[in-house]
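Reviewing the structure listed below.
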Amino acid sequence: MGRRSKGREYAMLTLFPHFVTGEDAEQCFAYLLDERKPGATVENFAAELFRGVIEEYESLDNLISSNLNNWNIDRLGNLEKVILRVASYELSHKVEVPVTVVINEAVQLTESYCDEKAAKFINGVLAGIAKQLGRDPLSDPGEWIDDFDDDESEEDFINLDDEEDEDSDSD
């Protein structure tokens, strides 16, 4: 799982108890960081997402509601609602990330934590939100930013020069 994927998951895991039980999101996030010990990129991206969702959840809920056909946001499962909020925030504020990536990541989270039927629903709602925001999934490649992940270190990359493979190839 990539760093941004983990960041999305951590934002979701932080927001779920906050919106369901009213727990303090900062405390939930601190606990999650202590348990999982992610790198700085994951931590920063997750923090940006969950804090943004908390600040804007009412407008995000309005955006989501306007894309629910014959459905009320109160009928959504809590986890599905959190996933939609995170993805809607990202679609609204992270223009460097292509729409298809945001939607696909939300669908994958839904498949992992909910079910396939919910994932299809999430996909349709987010496609409508993207279009409403003027970000057509078929024509929005995102915006290129040169310092997208500028804090990567060489140790974060997979070493493709595996010594065992070299030895096994020799006769």
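The values are calculated or read from the model by the stated rules, or taken from the named source; none is laboratory data. Here the structure is a predicted model, which means the values were calculated and not measured. Here the Cβ is made from the backbone with ideal geometry for all residues, glycine too, and neighbour counts use every protein chain on show. Just so you know, the surface numbers come from the protein's heavy atoms only, side chains and all, with ligands and any DNA or RNA stripped out. Shrake-Rupley method; radii C 1.70, N 1.55, O 1.52, S 1.80 Å.
Take the Cα gyration tensor of segment 1-121, multiply each eigenvalue by 5, square-root it, and list the three semi-axes largest first, rounded to whole angstrom.
Details: eigenvalues 92, 52, 39 Å².
In descending order the semi-axes read 21, 16, 14 Å.
For chymotrypsin sites (Phe, Trp or Tyr not before Pro), the sites in segment 63-129 that DSSP calls loop and that have at most 15 other Cβ atoms within 10 Å are 71.
Accessible surface ranking for 88, 5, 59, 1.4 angstrom probe, highest first: 59, 5, 88. Computed with a 1.4 Å probe over protein heavy atoms only, the accessible area of residue 93 comes to about 80 Å².
The slack between residue 73 and residue 36, meaning 0.36 nm per residue of separation minus the straight C-alpha distance, is 10.2 nm. Per-residue accessible area (protein heavy atoms, 1.4 Å probe) orders 4, 36 as 36, 4, starting from the largest.
From the protein chains alone at 1.4 Å, what is the descending order of accessible area for 101, 107, largest first?
Numbers: 101 55, 107 20 Å².
From most exposed to least exposed: 101, 107.
Does anything in segment 28-57 have its amide N under 11 Å from the 7 Å Cα→Cβ label point of residue 21, and if so which residues? Counting only backbone N, you get 28. Straight-line cross-link partners of residue 81 among the lysines, defined as a Cα under 18 Å from its Cα and at least 8 positions apart when in the same chain: 117, 120. Within segment 39-106, all pairs of alpha-carbon atoms sorted by distance into 5 Å bins from zero give the percentages 3, 17, 26, 27, 17, 7, 3, 1, 0. For segment 107-116, putting each phi into the Karplus relation 6.51 cos²θ - 1.76 cosθ + 1.60 with θ = phi - 60° gives couplings of 5, 5, 4, 5, 4, 6, 10, 10, 8, 5 Hz, in residue order, rounded to whole numbers and with x for Gly and Pro. Per-residue SASA remark: residue 51, around 100 Å² accessible (1.4 Å probe; ligands, DNA and RNA not included).
Computed from the mean reciprocal separation of all distinct C-alpha pairs, what Kirkwood hydrodynamic radius does segment 84-140 have, in Å? Can you show the working numbers first?
Values: mean 1/r = 0.0909 Å⁻¹.
One decimal place: 11.0 Å for the Kirkwood radius.
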